[in-house]
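Right, one structure below, let's go through it.
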Amino acid sequence: MPTFTPVSCVDTLGVDAPECETCEGSGTEIYLHGWREQARECEDCQGIGRRLDCPSCEDGATPDDDTCPICGGFGALF
């Protein structure tokens, strides 16, 4: 798994990223593993609890397939 370095929404855009919709800001997701509930790090916010889709790209790449300079290729700010 690649190393994840979050890009700060405050440093980049000057605003706080909103609460992650997937984990509702907790940073963890609850899922069923057989009959038991298990917790894992939220895949959308990488456990940070906040996420804002990058305003400059959709998937972390610019139209000419370069890495997005705003989000560092992740597609979101945290």
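Tell me the residue from Thr28, Thr12, Thr5, Thr22 that is among the polar types (S, T, N, Q) and farther than 16 Å from Leu77 by Cβ, please.
On the way: Thr12 fails: farther than 16 Å from Leu77 by Cβ; Thr5 fails: farther than 16 Å from Leu77 by Cβ; Thr22 fails: farther than 16 Å from Leu77 by Cβ.
Only one candidate qualifies: Thr28.
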Subset tally (residues that are of a type outside the set (Asp, Glu), open to solvent by 60 Å² or more (accessible area, probe 1.4 Å) and touching a residue at least 24 places away in the same chain (Cβ under 8 Å)) for the range 37-74: 5
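If you scan the range 24-63, which residues turn out to be more than 23 Å from Cys9 (Cβ to Cβ) and not hydrophobic (A, V, I, L, M, F, W, C)? Quick ask: steps written out before the conclusion?
Of all residues in the range 24-63, those more than 23 Å from Cys9 (Cβ to Cβ) come to 30-40.
Selection gives Tyr31, His33, Gly34, Arg36, Glu37, Gln38, Arg40.
Please count how many residues of the range 9-36 are closer than 28 Å to Pro69 by Cβ, among the hydroxyl-bearing types (Ser, Thr, Tyr) and open to solvent by 60 Å² or more (accessible area, probe 1.4 Å). Full working, then the answer.
Of the residues in the range 9-36, the ones closer than 28 Å to Pro69 by Cβ are 9-23, 25, 27.
After this cut, where a residue has to be among the hydroxyl-bearing types (Ser, Thr, Tyr) as well, the list is 12, 22.
From what's left, open to solvent by 60 Å² or more (accessible area, probe 1.4 Å): 22.
Result for the range 9-36: 1.
Please go through the range 13-59 and pick out each residue that is of a type in the set (D, E, K, R) and outside any loop (DSSP other than H, G, I, E, B).
Glu19, Glu29, Arg36, Glu37, Arg40, Glu41, Arg50, Asp53, listed by residue number.
The values are calculated or read from the model by the stated rules, or taken from the named source; none is laboratory data. Since this is a predicted model, take the numbers as computed values, not measurements. Neighbour counts are summed over all protein chains in view; Cβ atoms, including those assigned to glycine, are modelled from backbone coordinates with ideal geometry. In case anyone asks, the SASA skips ligands and DNA or RNA and just uses the protein heavy atoms, side chains included. Shrake-Rupley method; radii C 1.70, N 1.55, O 1.52, S 1.80 Å.
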